Amino acid sequence: MAEFDLIAESPLNGLQRAFEGVTVEEVSGRAIVSVAFSDRAGLEQAVRTSLDLTLPFVGNTARVETRDLLILSLQSDQIFVLFPQTGHRPDLEIAEIAGDQGLVTDQSDGWALLRVSGPGSRTALERICMLDLHPDIFTVGAVARTVMEHLGVIIHRDGEQSFLLMSARSSAESFAHAVVTSVENVI
Amino acid sequence: MTQAFRLAKGGLVDRSQTLEFRFDGAAYNGHGGDTLASALLANGVRMVGRSFKYHRPRGIFSAGSEEPNALVELRRGARQEPNTRATMAELFGGLDARSQNYRGSLKYDLLAVNDLFSPFLSAGFYYKTFMWPKPFWEKLYEPAIRAAAGLGRLSREPDPDVYDKGYLHCDILVIGAGPSGLSAALTAGRAGVRVILADEDFRIGGRLNAETLGVNDMAGSDWADATRAELASMDNVRVMTRTTVFGAYDHGVYGAIERQTDHLPHSSGKPRQVLWRIYTRRAIVCAGATERSIAFPDNDRPGVMLAGGVRAYANRFAVGTGRSVSIFTNNDTGWRTASDLSAKGVPIAAIIDTREISPLAAPRGAAVVMGGRVTGTKGRHCVRSITLAGGQTIECDCLAVSGGWSPNVHLTCHQRGRPQWNEDIAAFTPGGDMPFGMRVAGAANGIYSLQNCLADGRETAVGILDEFGLNPPADDALTADEEAASISAFWHVREGKGRAFVDLQNDVTVKDIRLSHQEGFRSVEHLKRYSTLGMATDQGRTANVLGLAILAQASGKSIPETGTTIFRPPYTPVAIGAIAGRSRGKEFRSVRKTPGHRWAEKNGAKFVESGLWMRAQWFAREGETHWRQSCDREVRQTRASVGICDVTTLGKIDIQGRDAAEFVNRVYSNGFAKLPVGKCRYGLVLREDGLVMDDGTTARLGENHFVMTTTTANAVTVFRHLEFCRQCLWPGLDVHLISVTEQWAQAAIAGPNARKLLEKLVDPDHDISSDAFPFMACGEISVCGGVPTRLFRISFSGELAYEIAVPARYGNSLMAVLMQAGEEFGATPYGVEALNVMRIEKGHATGSELNGQTSARDLGLGRMMSDRKDYIGRVLSQREHLVREDGLKLVGFKPVDTAQELKAGAHFIAKGKEMTTENDEGWMTSVAWSPNLQTSIGLGFIERGDSRIGETVIAADPLREKSIEVEIVSPHFIDPEGERLRG
Amino acid sequence: MIINHPLLGPRDASEFTYLGDASLIDRPDPEADDAAKQFHDYVYLRDNPVGEHRELWFHEHGDRSWLVVTRNTLTHEITRVELAKDVAIARGRRR
């Protein structure tokens, strides 16, 4: 053990709030790595080889259950990969998969992750999310980058009644407050 | 507490529920399902307010959101809300309401004297009467008028209620839940599309609740209730009561206000109102029609009401609006009031119809006067009798007037749609230019019979389903009772004395309109502004058409020739609180905190808002009472030993790709192509106009990998600019950008002991000695046993300094660990004040100097404009004015008398010259007290500054009345050779 | 306002940042003899039409793409939305 130790803290200190029909909880321990690419076909080949997976198009996600890995396709030339954080350099883990087809950047510490789940979650999110979250429109697996209460947010539906929200770490408290207020206002 | 005017049976009120309320201090009872207006009428309260200008007694005029008269104050204390329409206020137990706009008491208003002065208060009186003498306007006239006119009073306290916003989506928004709206919603709902049905009322049904007409052999209100239940059971339909769709905006977006707790005694901390933004593919306006009055002398007396409203009070609320009611009408619907009231046992005194037709069926005992006209009314606080054109007087305590119905075309006008005159119904109907996706059905479209409204609602919905490529559901063929609705336009009675009111809310009379026309205000738009016709909270819902018909007659033109004013949002008033929503006080905007924020809080930091960021301004130690003490100590300690500053807020952009170097080289004015891997360089980003946009240090971490830093303030703008360059200017370059501002917590470690401190944390396999890691070196290392770290040897303070970046999760701990490791050196944390002092001592520019108007040459950075490459801003940075030798130059300043303090914002004037714009030579941008030099120092721009070192000028500050003599000096106050930072 | 993003579908305009005339894509050749005049016109001169206008919008709270939006300035009707990158390439911009 070194003389000086750096201690990790999550952006929302493990926030967890349960309301009637809605739960809001921080999701931590996820590594987030962005992969930018110039040649989609090239990266697609690399991903297929190493993960046996088709690269999702913008607005969609793909999952590798065995590795607990989730790919969010956010831009025409950029994806985010979420997976369990184990080491210090998750970016290098993804660089191995992408090879020379992807440019990786560690984003694990840049985001606060909140899961809003339960039967009332859509009604609560109606207060801050301008996207149409109807289950036929924003289907399970869908992802979008949008704005809520003036804050940039990535929203991903990871279940019929469950949404994963990602927003910038620095404004995480304001964001969590906005989400919790939305729940309190509708229950 | 009897409800003397409550009818014995019928109505849609809940008689099992008795609600006590107060009006002007007196206690009354009403029932569940009442509005404040219906409950007041049930108790025989006829006079509810005084008029805007003349303070004439006024009573409840209508039964809906068009109400011009019955504006009351609701609730007490901070929750007091003025100008609430009693006709829309849902009754609850404990409701406390008061009348408005009088001095003294409502019945004996001292300002009723205004009525006697009415000749002076005619149209445009503001513009005429109070012209002279000029100073009297501000000192006398305006305060007096404001005190006498105007409506309710504000509480002058912060609104304690909370408000919210929200977003909804649907295929079809149905606006209004009367017969056509219900029919449309039912058709669309059964077809499976997503429907929102919104109505301003708390009860679904619209006129079905106010009339006795049946649908499908059911009472209309029962059918409405059954339909509501069916719609509510559908997953694809959302029924929203107490919700007013108030505006039609671009591309099918609608604004709606939902009153969630206004009908409850307490909002219990929940949002009182919710402002909805509704995204639609189509909308069907089923907003119905509003009845209008007829202008005749003294037609504003309490007890004179719209006939449809009288019907609504009887049928829906089981309230008789009088003991003896007369009807004055120009159309068939007035007769329905007579028959409905009579059926409920309310005696009808007379029916006066302006038309020369054979009379319709009149109730027994009612006198019928065809071709008749009401020429006056009598009664002090309520009508007691009316006089007819023939001189006949009829005793009655309520006069129900119908001048015809005007379709509620408002939403169709919100994008400049112009309604068209329809002579058959003597009303304006929606014009051709509708907002995107909007359809109109039922009475709002000028279709007045119930059967046709039901059919029109369905057909409109079927038409939309067809556009969606969907089949309509089976037609359940709604059938309704027959009714008569013919009309012959009649606007105002010419006979009789006394004022004939057109716009009750603004006290605009027939005479005012004629006078306006006579004075040359001939367009309806001018008429409106000059006479105030159609202004204020009701926006002339009952008055506009009447007013312009009178204008048309005065000008001898037809109504279509005269035209109409159109409508803007909102349809009915929307509280500012609802528009603000949650954005109040501290929640007006979000707050950004660095990972080290909590550490700073615990260590005495005072914070300053810098954009959204909270930054530590200084760290007060025990015994320090003034910020300067803390700041001076932080500066001295940093320069003497070592200081630590959280610089996480700087923007950081990860730039990668085969063309990353080429890209960076094009966006900076100075060269970056040949920057070696493992090195940083300070760079200037120019705008295309040649002026400086931003500055910062960019590090080359790999052959194809750069990290650019931006100033805190410009992080977002610079990222946007880089994406513009990448996508729009050089789409062929292989380069990718992503912000890493949030990923890394970054701290500056500055001072002679910076390296010694850092070496204690850096893992042993990394060498940060000056030889291995010289000034402007950068690298990816690790600290504290493997934590990935980016280290930059850069200096803003001018000392030996590093910036260390670790993943943000360690940011809070990093500050503590740095301080722990620095303990032996007496390390101090420093805030932005000390940072600012040290950068001024070094002559470094920040936002005060990079203000968007300065060039690289002005900043003394002309050498940073490469002439060996193209870059953004190059061509225009060479413009004549920007390269002139006598231009502004950034230099340092010191007061000649060191006891004096410099002020930022002071302008430089040559000694002995006048303080005029012509003699202005530049301005002071930044100042600080230098604890090292023991003097106030400053930076500023002054003409030819670099060649005037040693000269003295006046720093003129006429605003703060302080002008002092200053010496122009080099901007590098400390260590001009830069020996410290290379140490 | 709603902008129908070519990749993402309809999105509220509040996710976007407005820049201005799409002619900003046509950055002049800095080596041209009259480069100074061309840049002056490029930076300072804009048409301000009543009616159809091609303009640049940045999807700041979205996929970070620059778009060329063809919008009627009188009615706000949007008739076309393209990726600015595609427009730039079509206009001959490369490296």
Original post:
List pairs: first in segment B:765-776 and assigned by TED's automatic domain parsing to the domain that holds B:Ile749 and farther than 13 Å from B:Gly678 by Cβ, second part of a loop (DSSP other than H, G, I, E, B) and not hydroxyl-bearing (Ser, Thr, Tyr), Cβ under 9 Å, 6+ apart or cross-chain?
Top reply: B:Ser770/B:Arg793; B:Ser770/B:Leu800; B:Ser770/B:Arg982; B:Ser770/B:Gly983
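Residue by residue, here is whether (1) of a type in the set (A, V, I, L, M); (2) more than 30 Å from B:Glu525 (Cβ to Cβ) holds:
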{"position": "B:Gly417", "(1), (2)": "no, no"}
{"position": "B:Gln420", "(1), (2)": "no, no"}
{"position": "B:Gly437", "(1), (2)": "no, no"}
{"position": "B:Tyr448", "(1), (2)": "no, no"}
{"position": "B:Cys453", "(1), (2)": "no, yes"}
{"position": "B:Glu459", "(1), (2)": "no, yes"}
{"position": "B:Leu465", "(1), (2)": "yes, yes"}
**OP:** Say whether the condition of being surrounded by 19 or more Cβ atoms within 10 Å (Cβ to Cβ), outside the structural domain of B:Asp217 (by TED's automatic domain parsing), assigned to a strand (DSSP E or B) and touching a strand residue (DSSP E or B) at 6+ places or on another chain (Cβ under 6 Å) is met by at least one residue in segment B:460-481.
**Re:** yes
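Residues are listed down the side, and each one gets a yes or a no for (1) in a loop (DSSP other than H, G, I, E, B); (2) polar (S, T, N, Q); (3) under 12 Å from the mean Cα position of the chain (by Cα):
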position	(1), (2), (3)
C:Pro28	yes, no, no
C:His40	no, no, no
C:Val43	no, no, no
C:Val50	yes, no, no
C:Glu60	yes, no, no
C:Val68	no, no, yes
C:Arg80	no, no, yes
Subject >> Residue in segment A:165-185 that is away from chain B (no Cβ under 12 Å) and assigned to a strand (DSSP E or B) present >> reply: yes
Original post:
Condition test on B:Pro807, is it more than 23 Å from B:Gln617 (Cα to Cα), surrounded by 14 or more Cβ atoms within 10 Å (Cβ to Cβ) and within 14 Å of chain A (Cβ to nearest Cβ)?
Top reply: yes
Original post:
How about segment B:774-793: which of its residues are away from chain A (no Cβ under 14 Å) and crowded, with 22+ Cβ neighbours inside 10 Å?
Top reply: B:Cys778, B:Leu791, B:Phe792, B:Arg793
**OP:** Could you grab me the full set of residues in segment B:265-287 that are part of a strand (DSSP E or B) and aliphatic (A, V, I, L, M)?
**Re:** B:Val274, B:Leu275, B:Ile278, B:Ala283, B:Ile284, B:Val285
Subject >> Selected residue (only one of A:Gly42, A:Gly59, A:Gly87, A:Gly29 is within 13 Å of another protein chain (Cβ to nearest Cβ), farther than 18 Å from A:Ile155 by Cβ and within 17 Å of the chain's Cα centre (by Cα)) >> reply: A:Gly29
**OP:** Give the residue, chosen from C:Ala35, C:Ala88, that is buried (at least 17 other Cβ atoms within 10 Å of the Cβ), among the aliphatic types (A, V, I, L, M), within 10 Å of the chain's Cα centre (by Cα) and at the interface with chain B (Cβ under 8 Å from one of its Cβ atoms).
**Re:** C:Ala88
Subject >> Residues satisfying the stated conditions in segment B:911-944, i.e. surrounded by 14 or more Cβ atoms within 10 Å (Cβ to Cβ) and among the small types (Gly, Ala, Ser) >> reply: B:Gly922, B:Ser926, B:Ala928, B:Ser930, B:Ser936, B:Gly938, B:Gly940
**OP:** Sort out which residues of segment B:394-431 are among the β-branched types (Val, Ile, Thr) and in contact (Cβ under 8 Å) with a residue 40 or more places away in the chain, and write them in order of number.
**Re:** B:Ile394, B:Val401, B:Val409, B:Thr412, B:Ile425
Original post:
Is segment A:114-125 home to any residue that is within 11 Å of another protein chain (Cβ to nearest Cβ), buried (at least 24 other Cβ atoms within 10 Å of the Cβ) and in contact (Cβ under 8 Å) with a residue 60 or more places away in the chain?
Top reply: yes
Subject >> Residue that is nearest to the chain's Cα centre (by Cα) [pool: residues in segment B:541-594 that are on the phi > 0 side of the Ramachandran plot and free of Cβ contacts under 8 Å to residues at least 12 places away in the same chain] >> reply: B:Gly585
**OP:** Give B:Val215, B:Val274, B:Val310 a once-over and let me know the one that is within 14 Å of another protein chain (Cβ to nearest Cβ) and either buried (at least 22 other Cβ atoms within 10 Å of the Cβ) or closer than 29 Å to B:Thr479 by Cβ (or both).
**Re:** B:Val274
Original post:
Filtering segment B:865-894 down to residues that are without any contact (Cβ under 8 Å) to a residue 60 or more places away in the chain and more than 43 Å from the chain's Cα centre (by Cα), which residue is farthest from the other protein chains (Cβ to nearest Cβ)?
Top reply: B:Lys889
Subject >> Residues that are modelled with pLDDT of 95 or more and aromatic (Phe, Trp, Tyr), drawn from segment B:429-479 >> reply: B:Phe468
Original post:
Residue check, B:Ser385 against (1) surrounded by fewer than 18 Cβ atoms within 10 Å (Cβ to Cβ); (2) on the phi > 0 side of the Ramachandran plot, all met but one. Which one?
Top reply: (2)
**OP:** Of all residues in segment B:538-568, count the ones that are among the hydroxyl-bearing types (Ser, Thr, Tyr) and either surrounded by fewer than 18 Cβ atoms within 10 Å (Cβ to Cβ) or assigned by TED's automatic domain parsing to the domain that holds B:Gly417 (or both).
**Re:** 2
Original post:
With A:Leu55, A:Leu92 as the choices, which residue is surrounded by fewer than 22 Cβ atoms within 10 Å (Cβ to Cβ), part of a helix (DSSP H, G or I) and without any contact (Cβ under 8 Å) to a residue 40 or more places away in the chain?
Top reply: A:Leu92
Original post:
Regarding B:Leu675, is this residue over 45 Å from the mean Cα position of the chain (by Cα), modelled with pLDDT of 95 or more and aliphatic (A, V, I, L, M)?
Top reply: yes
**OP:** Being touching a helix residue (DSSP H, G or I) at 6+ places or on another chain (Cβ under 9 Å), farther than 18 Å from C:Arg27 by Cβ and either buried (at least 22 other Cβ atoms within 10 Å of the Cβ) or within 10 Å of chain B (Cβ to nearest Cβ) (or both) is the filter here, so list the residues in segment C:68-82 that pass it.
**Re:** C:Val69, C:Thr75, C:His76, C:Glu77, C:Ile78
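The values are calculated or read from the model by the stated rules, or taken from the named source; none is laboratory data. These figures come from a predicted structure and were not determined experimentally. Cβ sites come from the backbone with ideal geometry, for glycine too, and all protein chains shown count toward neighbours.
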